[in-house]
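The values are calculated or read from the model by the stated rules, or taken from the named source; none is laboratory data. None of these values were measured; they are calculated from a predicted model. Because the Cβ atoms are built from the backbone with ideal geometry, glycine has one as well, and the counts that use them run over all protein chains shown. These accessible areas exclude ligands, DNA and RNA; they are computed on the full protein's heavy atoms, side chains included. Shrake-Rupley method; radii C 1.70, N 1.55, O 1.52, S 1.80 Å.
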Amino acid sequence: MKFTNLFNSKNQGLLGAVLSSLLVGAVAFPIAGVAQNTPTKQNELQAQAQPMPLPRNVLDPVAYVRPGNEPVAVEIINGTNTWVTYQAIGETDERTLGGGDEAMLMDLQIPLTVTFVRSDGGLIHAEPEIIAPGEIRIYLNEAYNLDSDIGNMRIDTNGSMYLY
């Protein structure tokens, strides 16, 4: 069969098969090249050796409370118009607080993490106030952008308080 015979109307199926196989081959080669660019064992070990920094390594403390064995009290004031679920991790179960309501958590040990989540899935902003040594007031309000969305309060063993 001559090359010019490939283009006549009788061999359209043969021509289509040849051209489609070329197209598939052209697409497969770049994919194979990308697949060969997988991380090596050494790259994986380097990634494992550099853990992601914890928030306390990245953020500056927003306040300080008295460190030590003394318990702390946290007052939560919900200034949103919706229910907020909060929890002192390892100290309390999840609890809910209605819009405009207040709650007091007593005898909490540091290190301490308290989480806040709006029931409607909206953004929340937590603003702390140190009332007295070992007493913290947290104002919860609606946040209007992701930069001001703060749903966690952390107090480290040294008394540094972080919001994130």
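Give Ile76, Ile89, Ile110 a once-over and let me know the one that is surrounded by fewer than 14 Cβ atoms within 10 Å (Cβ to Cβ) and among the β-branched types (Val, Ile, Thr).
Values: Ile76 fails: surrounded by fewer than 14 Cβ atoms within 10 Å (Cβ to Cβ); Ile110 fails: surrounded by fewer than 14 Cβ atoms within 10 Å (Cβ to Cβ).
Answer to the selection: Ile89.
Could you run through the range 128-160 and say how many residues are open to solvent by 80 Å² or more (accessible area, probe 1.4 Å) and either under 15 Å from Leu59 (Cβ atoms) or small (Gly, Ala, Ser) (or both)? So the answer is 2. Note on the range 58-102: among residues that are closer than 13 Å to Arg137 by Cβ and acidic (Asp, Glu), the one that is farthest from the chain's Cα centre (by Cα) is Glu102. For first residues located in the range 94-121 and more than 11 Å from Trp83 (Cβ to Cβ) and among the acidic types (Asp, Glu), partners that are at pLDDT below 95 and surrounded by 17 or more Cβ atoms within 10 Å (Cβ to Cβ) and lie 6+ apart or on another chain with Cβ distances below 9 Å form the pairs Asp107/Val72.
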